[in-house]
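Everything below concerns the one structure shown next.
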Amino acid sequence: MNEDIVNINELIHRTFENISVEGSRSANKIVESWRNVLSRIKSVNPEMNPNEGQNLIDHSRVVDLKNGMLLVEADHPGWISLLQFHKKFILKGMQMSVPDANINSIAFKLRGNREESSGSGEREKIVRANIEKRIETEEKNLSRANIPLQNAQKSYKTDELPPELAEIFADLKNSMLTKSKE
């Protein structure tokens with residue numbers, strides 16, 4: 001018999017031997033409790049967001065429970081902010097729903113993977129390269145116009161306005177004073 005061929009019974013046994021039935025039940029209970037607790041969340045402004053709890057369910061999920069910390073991911077930073085806003089309520093609800101899970105804190109993270117993260121790094125490099133090209137172009141334009149770079153980059157004291165702007169504010173101030181006297 002070929003060594004690569006495995007009996008289907010043995011394959012099933014190998015696949016499921018490390019999966020604890022009790023662990024699966026516990027995980028399902030935590031996920032179901034998560035959904036139940038969030039479904040009880042009512043919006044501070046029901047006219048604008050009548051289904052806040054359901055929206056939180058749709059945009060977040062339990063990822064892990066380790067050392068009493070429930071790790072939850074959301075698909076947008078706005079949902080993480082809203083979850084943070086309701087964190088005390090959610091934590092208390094989870095502790096009451098699944099006391100045997102010993103949940104003592106909740107952490108939130110943004111959903112994503114390494115590929116997406118590295119992609120944003122690539123975008124940053126492209127943007128940076130474009131900015132550097134624009135700076136080089138501007139420097140060349142200044143040199144063609146015989147404007148020394150030092151003159152193009154006038155420096156002002158932080159508490160002092162450029163003369164043109166100071167003049168505009170002075171005119172505005174005078175016009176306001178003139179109108180208030182009338």
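The values are calculated or read from the model by the stated rules, or taken from the named source; none is laboratory data. All figures in this text were calculated on a predicted structure; none of them were measured in a lab. Positions of Cβ are backbone-derived with ideal geometry, glycine not excepted, and every protein chain shown enters the neighbour counts.
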Scope region 36-86; condition in contact with a His (Cβ under 8 Å, 6 or more places away or on another chain) and loosely packed, with under 14 Cβ neighbours inside 10 Å; matching residues: His76
Qualifying helices (runs of 4 or more DSSP H) (wholly inside region 105-182; at least 2 residues being in contact with a helix residue (DSSP H, G or I) (Cβ under 7 Å, 6 or more places away or on another chain), at negative phi and at pLDDT below 65): 149-152
Close pairs (8 angstrom Cβ cut-off, 6 or more residues apart or separate chains): touching a residue at least 60 places away in the same chain (Cβ under 8 Å) in region 84-95, among the basic types (Lys, Arg) anywhere: Gly93/Arg40
